[in-house]
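Enquirer: Dropping a structure here in structure tokens format, bear with me for questions.
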Amino acid sequence: MRNPLRQFVDERREAKLAKAKPDAVAKIESDFQFDNWVQSAADRASQVSVATHIGTLTHPDAKIAPFIANCEAAEDGYVRTGNVQVDWDAFGNAAALDTLAFLRVELSDSRPALEHLREGTAEVRQLFDFADDRAYERLRGQFLQILANSKPYPITCSEIKQVYFPLPDGGYHLLSLVSSTGLMRENRIRLQHNEWGEDAKTARELQKQDRKQARESQSLSEPDQSQIHYQTIPERGSIKLGGANAQNISSMNAECKGVWPLFASYRTTPSEYQQLPKRDYFRSLRWDSYSRVIFNELHQIFWQPSPGNLEQRESRKRWLEELWLWASGFALQLQRIPGNWSTDKTNQLPSHQKVWLDVAQQVKHEKEKSWRRDVATDFSHWVLNTYKKMNWGDRGPQVLADLELSEFRSEVSELPFNAREWQSWER
């Protein structure tokens, strides 16, 4: 039977030998004999604490009690502990983190060795084939020390910032916010896969080829181009935790060298938008990185060999909705300022845009609906003109005409035009 634990140790030994000097080979061979290495790892297990949430991620000097949050999964739509299957993290003596990596090795049922040791399964017992029953139980007890420091409830410390949370009965909670490194790691892995995985690399290569030749040439038959895509997330940053000693924060922090992605949780407002629109709302818009992403997705759909099939139409419709949300973002801000700003003599906005953007005008024309279609028409013209102006390389833009204009206008007319409608809208 294949022994994944022994294979783990052998791989680490080979990595050491590849860089070792001749006089160090004998010691490495001895240290990485399976029984010797396992005993050494077991001796160091108590120096590491397993947890789902790591206090040192928030503050390097935080001394919160390690805890494992066992939350039940629920179809509540939240990315939270319990709804995503993630590994446990660990912190403690950085020199002992290899013990955790050993205990994370998956056995035949895809569960880590640590879970098998907790349950005392027959499978994991067979993998420690060098030890008799007494020695095995001693090793098992030592490895399980990695869980001994975990508390059934978390205990905070002064280095963790607290949030005041009032209750309806007049009481309050003081909440200490601690990050789930398992969720952070899973997010990072999915981001890397979507942006730089094998399919993403193929999609990027196909995109380069598309700039040189029309898609109709179909020079590549494998893989299916319609099933390959990559994803980018604009307005993204990163944060580095732990400095030069990322392993001092946690095992997962060491794994990514302390660098974690950050995402914007708000819709940006470019400085160009600060002035009130005077002539045409949509012509005052300025492209940003996210709008370019949306137009690029639409561009790919427009050039599909069969743009009229149901799947492509639905995809195009979703991206058009996203573009409308982006374009109407500043409109939602204008609708929150005091009304009648559009009645100024210098303001030459079309009357239907005034009804849409100026809350005072909207109240006056609440029962009218024709302005919605007029605004949708303006937006559709802006989409076609903007798409045509963008630089699409040698292939250029797809030719769009009255048919697309009519479809865009009909679809946008049914979308929300103010904050109240967006709150109740369902795609």
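The values are calculated or read from the model by the stated rules, or taken from the named source; none is laboratory data. The structure presented is a predicted model; accordingly, all values stated were derived computationally and were not measured. Note that we place each Cβ from the backbone using ideal geometry, even for glycine, and neighbour counts take in every protein chain shown.
Enquirer: A26: crowded, with 19+ Cβ neighbours inside 10 Å and in a helix (DSSP H, G or I), yes or no?
Expert: Here the answer is no, as A26 does not meet what is asked.
Enquirer: Being surrounded by 14 or more Cβ atoms within 10 Å (Cβ to Cβ) and touching a Pro at 6+ places or on another chain (Cβ under 8 Å): is that true of D378 here?
Expert: yes
Enquirer: Moving to a separate point now. Tell me which residues, restricted to the stretch 176-206, are touching a residue at least 60 places away in the same chain (Cβ under 8 Å) and assigned to a helix (DSSP H, G or I).
Expert: Once the filter is applied, which keeps residues that are touching a residue at least 60 places away in the same chain (Cβ under 8 Å) and assigned to a helix (DSSP H, G or I), the stretch 176-206 yields T181, G182, L183, M184, R185, E186, N187, R188, L191.
Enquirer: Next question, about the same structure. Answer with yes or no whether R12 is in contact with a Leu (Cβ under 9 Å, 6 or more places away or on another chain), closer than 24 Å to Y136 by Cα and either touching a residue at least 24 places away in the same chain (Cβ under 8 Å) or small (G, A, S) (or both). Walk me through how you get there before you give the answer.
Expert: Values: in contact with a Leu (Cβ under 9 Å, 6 or more places away or on another chain): no; closer than 24 Å to Y136 by Cα: yes; either touching a residue at least 24 places away in the same chain (Cβ under 8 Å) or small (G, A, S) (or both): yes.
It is false that R12 is in contact with a Leu (Cβ under 9 Å, 6 or more places away or on another chain), closer than 24 Å to Y136 by Cα and either touching a residue at least 24 places away in the same chain (Cβ under 8 Å) or small (G, A, S) (or both).
Enquirer: Among the residues of the stretch 29-38, write down those that are part of a helix (DSSP H, G or I) and not aromatic (F, W, Y).
Expert: Selection gives E29, S30, D31, D35, N36, V38.
Enquirer: Can you confirm whether E186 is touching a strand residue (DSSP E or B) at 6+ places or on another chain (Cβ under 8 Å) and among the acidic types (D, E)?
Expert: Yes: the conditions hold for E186.
Enquirer: Among the listed residues L384, L349, L403, which satisfies the condition of being closer than 24 Å to S289 by Cα and either exposed (fewer than 14 other Cβ atoms within 10 Å of the Cβ) or at pLDDT 85 or above (or both)?
Expert: L384
Enquirer: Taking the residues in the stretch 322-346 that are in a loop (DSSP other than H, G, I, E, B) and surrounded by 17 or more Cβ atoms within 10 Å (Cβ to Cβ) as candidates, determine which candidate is farthest from the chain's Cα centre (by Cα).
Expert: Q335
Enquirer: Now, a different point. Tell me, please, whether a residue that is modelled with pLDDT of 85 or more, among the hydrophobic types (A, V, I, L, M, F, W, C) and either surrounded by 12 or more Cβ atoms within 10 Å (Cβ to Cβ) or within 37 Å of the chain's Cα centre (by Cα) (or both) can be found in the stretch 410-427.
Expert: Yes, there is a match, as at least one residue in the stretch 410-427 is modelled with pLDDT of 85 or more, among the hydrophobic types (A, V, I, L, M, F, W, C) and either surrounded by 12 or more Cβ atoms within 10 Å (Cβ to Cβ) or within 37 Å of the chain's Cα centre (by Cα) (or both).
Enquirer: Something else: Working only within the stretch 5-18, note down all residues that are out of contact with any helix residue (DSSP H, G or I) (no Cβ under 7 Å at 6 or more places or on another chain) and within 13 Å of V38 (Cα to Cα).
Expert: Listed by number, the residues that qualify are Q7, D10, R12.
Enquirer: Return the residues of the stretch 258-271 that are surrounded by 13 or more Cβ atoms within 10 Å (Cβ to Cβ) and modelled with pLDDT of 80 or more; say none if nothing qualifies.
Expert: G258, V259, W260, P261, listed by residue number.
Enquirer: While we're here: Take V363 and tell me if it is assigned by TED's automatic domain parsing to the domain that holds W287, closer than 16 Å to K278 by Cα, without any contact (Cβ under 8 Å) to a residue 60 or more places away in the chain and part of a helix (DSSP H, G or I).
Expert: no
Enquirer: Considering each residue of the stretch 67-91, count those that are under 21 Å from R140 (Cα atoms) and in contact with a Leu (Cβ under 9 Å, 6 or more places away or on another chain), and give that number.
Expert: Going through the stretch 67-91 one residue at a time, the tally reaches 5.
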